[in-house]
Amino acid sequence: MLTLHTAPLLDAGDGTLVPGGAVAVSGDRITAVGPLADLRATYPGARVREWPGRLAPARVHTGPPPQAPSPRETVHALFAGGATALLVDGPLDPSLREVAARGALRLVASPSPTPLTPGSRADLSATTDDGTCVATVCAGRLVYRRR
């Protein structure tokens, strides 16, 4: 099923800002990026998820992983912060590596997030104006939503 993720401001991560923008996601990939009205016309049967604030590429977490009681909770803490990737420049606990792989959390060598472009992996986050993460999509799946 195709989903349109939308927010009052879309920051594609490449310098493109689209007021009232949306990202069309099918499976784990971005299908299209643009104004919500255009994407609704192109994909009339799509599910629409509306988020407050700003929709942008998911973050790459730099620094040590958050402290948590278990690797699963560490990955959840990363998702809750809007990250779908962890910068790894040294040894990483094998159990955290295993849980990260199961959750599709990317382990990367560069701190640069991937811009929201058609064909790229659907990793995005929605944040309020004060920077609080309200939703994280990792490889096309909604993995965190603030209640």
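Annotations
- Residue in the stretch 111-130 that is of a type outside the set (Lys, Arg), in contact with a Leu (Cβ under 9 Å, 6 or more places away or on another chain) and at pLDDT below 95 present: yes
- Among the residues of the stretch 25-61, those that are among the charged types (D, E, K, R) and part of a strand (DSSP E or B) comprise ARG29, ARG47, ARG49, GLU50, ARG54, ARG59.
- Unique match (being surrounded by fewer than 20 Cβ atoms within 10 Å (Cβ to Cβ), under 15 Å from the mean Cα position of the chain (by Cα) and free of Cβ contacts under 8 Å to residues at least 40 places away in the same chain) among GLY27, GLY131, GLY119: GLY131
- Matching residues in the stretch 88-116 - criterion: being surrounded by fewer than 20 Cβ atoms within 10 Å (Cβ to Cβ) and among the aliphatic types (A, V, I, L, M): VAL88, LEU92, VAL99, ALA101, ALA104, LEU107, VAL108, ALA109
- For the stretch 1-24, the set of residues classified as touching a residue at least 40 places away in the same chain (Cβ under 8 Å) and touching a helix residue (DSSP H, G or I) at 6+ places or on another chain (Cβ under 6 Å) consists of LEU4, THR6, listed by residue number.
- Residues of the stretch 1-17 that turn out to be over 20 Å from CYS133 (Cβ atoms) and not in a loop (DSSP other than H, G, I, E, B), as a count: 1
- Being outside any helix (DSSP H, G or I), of a type outside the set (Asp, Glu), more than 18 Å from ILE30 (Cβ to Cβ) and at pLDDT below 95 is not true of SER95.
- Subset of the stretch 61-75 [out of contact with any strand residue (DSSP E or B) (no Cβ under 7 Å at 6 or more places or on another chain) and open to solvent by 30 Å² or more (accessible area, probe 1.4 Å)]: GLY63, PRO64, PRO66, GLN67, ALA68, PRO69, SER70, PRO71, ARG72, GLU73
The values are calculated or read from the model by the stated rules, or taken from the named source; none is laboratory data. Values in this document were obtained by computation on a predicted structure and should not be read as measured data. Positions of Cβ are backbone-derived with ideal geometry, glycine not excepted, and every protein chain shown enters the neighbour counts. These area figures cover heavy atoms from the full protein model, side chains too; ligands, DNA and RNA do not enter into them. Shrake-Rupley method; radii C 1.70, N 1.55, O 1.52, S 1.80 Å.
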